[in-house]
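Undergrad: Could you have a look at this structure, given as structure tokens, before my questions?
The values are calculated or read from the model by the stated rules, or taken from the named source; none is laboratory data. All values derive from a computational prediction rather than experimental measurement. Glycine also receives a Cβ, built like all others from the backbone with ideal geometry; neighbour counts cover every protein chain displayed. We work out accessible area using only protein heavy atoms, side chains counted, and drop any ligands, DNA or RNA first. Shrake-Rupley method; radii C 1.70, N 1.55, O 1.52, S 1.80 Å.
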Amino acid sequence: MIHIFPCLSDNYGFLLHDPISRLTASIDSPDATEIDKQCTDHGYTLTHIFNTHHHFDHVGGNLELKQKHGLTIIGPKDDEARIPGIDVTYADGDIFKFGQFDIHMIATPGHTKGHCAYYIPKLASAFVGDTLFALGCGRLFEGSAAQMFDSIGKLRALPDATKIYCAHEYTLANGAFALSVDPHNEDLQAYMETAKDLRAQGQATIPTNIAREKSANPFVRAKNALEFATLRQAKDNF
Ligand SMILES: [Zn+2]
């Protein structure tokens with residue numbers, strides 16, 4: 001089961017819990033205090049952190065939580081040197097066990113060189129960090145547009161019903177840009193209305209899903225790396 005909670009200014013924290021093995025993972029560690037509180041509230045003992053990439057708002061709580069709980073930190077092999085306290089690394093296409101769940105690591109370079117996503121078929125869910133956002137995608141800090149286009153293509157290839165857990169609440173700002181480049185897309189218009197209602201009620205717009213992003217997200221709909229690069233540059237200046 002998956003719990004989502006807001007933390008820091010616009011991050012989301014996620015807990016993945018397996019009630020059979022009683023293992024609990026925090027996806028990234030944006031806010032150690034809030035992650036601890038969420039575990040306590042649910043009666044969970046934190047056993048793992050799965051990191052998506054090395055940015056501070058994703059690894060900032062690693063060492064504090066590791067010291068407190070003696071937990072295991074898992075992350076992408078490509079970012080081994082930059083993730084504090086990392087214990088176990090996996091590479092693109094690796095599948096590891098987490099209690100009853102098989103977890104697939106998908107390398108998604110672009111936002112950073114070593115970025116990865118975690119896909120859990122049994123839960124029809126993927127944790128995508130800062131690669132894919134609802135109606136948008138991550139900035140290109142280290143990788144190229146062509147790399148990011150490929151990475152988003154890997155996520156787009158997941159089953160339509162896959163729930164996508166993005167690490168930030170950026171949906172309305174992303175949607176404003178999306179509407180500027182695709183103003184007549186009715187799926188996008190409807191999605192934005194729903195997102196506005198959710199935000200007005202203080203609710204998360206996350207998770208989204210693959211089908212919705214295929215119909216409304218210009219970065220997922222881009223036909224090739226060149227189109228993608230042009231969009232990404234336009235968004236940076238929007
Ligand atoms: Zn980041």
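Undergrad: How much accessible surface does Val181 have with a 1.4 Å probe, in Å² rounded to 10?
TA: 70 Å²
Undergrad: What does the extension gain come out to for His184 and Gln233, with contour length at 0.36 nm per residue minus their alpha carbon separation?
TA: Working: separation 49, 0.36 × 49 = 17.64 nm, distance 2.15 nm.
That pair, His184 and Gln233, stretches by 15.5 nm at full extension.
Undergrad: For the chain, which DSSP H helices look membrane-span-like by this rule: Cα extent along the axis of 20 Å or more and mean Kyte-Doolittle of at least -1.0? Walk me through the intermediate numbers first.
TA: Details: long enough: 186-200 (21 Å, -0.87).
Helices meeting the span and hydropathy rule in the chain are 186-200.
Undergrad: Please work out the C-alpha center-to-center distance from the range 185-238 to the range 147-166 and express it in whole Å.
TA: Comparing the Cα centres of the range 185-238 and the range 147-166, I get a distance of 13 Å.
Undergrad: Compute a Gaussian network model of the chain, connecting alpha carbons closer than 10 Å, and tell me which residue from Gly43, Gly143, Gly93 fluctuates the most.
TA: Gly43
Undergrad: Ok, one more. Residues of the chain: accessible area per residue at 1.4 Å, in Å²? Present the calculation step by step, with values, prior to reporting the outcome.
TA: Working: 10150 Å² over 238 residues.
Result: 43 Å² per residue.
Undergrad: Once phi is turned into ³J(HN,Hα) by the Karplus curve 6.51 cos²θ - 1.76 cosθ + 1.60 with θ = phi - 60°, what whole-Hz value does each residue of the range 2-19 show in order, with x for glycine and proline?
TA: 10, 10, 10, 8, x, 7, 6, 7, 9, 7, 10, x, 9, 10, 10, 10, 10, x
Undergrad: Is the C-alpha gyration tensor of the chain telling us rounded, prolate or oblate? Criteria: a/c under 1.5 is rounded; beyond that, a/b larger than b/c is prolate, otherwise oblate. Before the final figure, lay out the partial values.
TA: Working: a/c = 1.79, a/b = 1.47, b/c = 1.22.
The shape class here is prolate.
Undergrad: With the chain treated as a Gaussian network of Cα nodes joined by springs under 10 Å, which of Asn11, Asn62, Asn185 yields the largest mean-square fluctuation?
TA: Top of the fluctuation ranking is Asn185.
Undergrad: Roughly how many nanometres apart are two label points built 7 Å out from the Cα toward the Cβ at Ile2 and Thr40?
TA: Reported label-point gap for Ile2 and Thr40 is 2.7 nm.
Undergrad: For Asp18 and Val88, what is the calculated FRET efficiency with R₀ set at 22 Å and r taken between the beta-carbons, to the nearest 0.05? It would help to have the intermediate numbers written out before the result.
TA: Working: r = 17 Å, r/R0 = 0.77.
Approximately 0.85, to the nearest 0.05.
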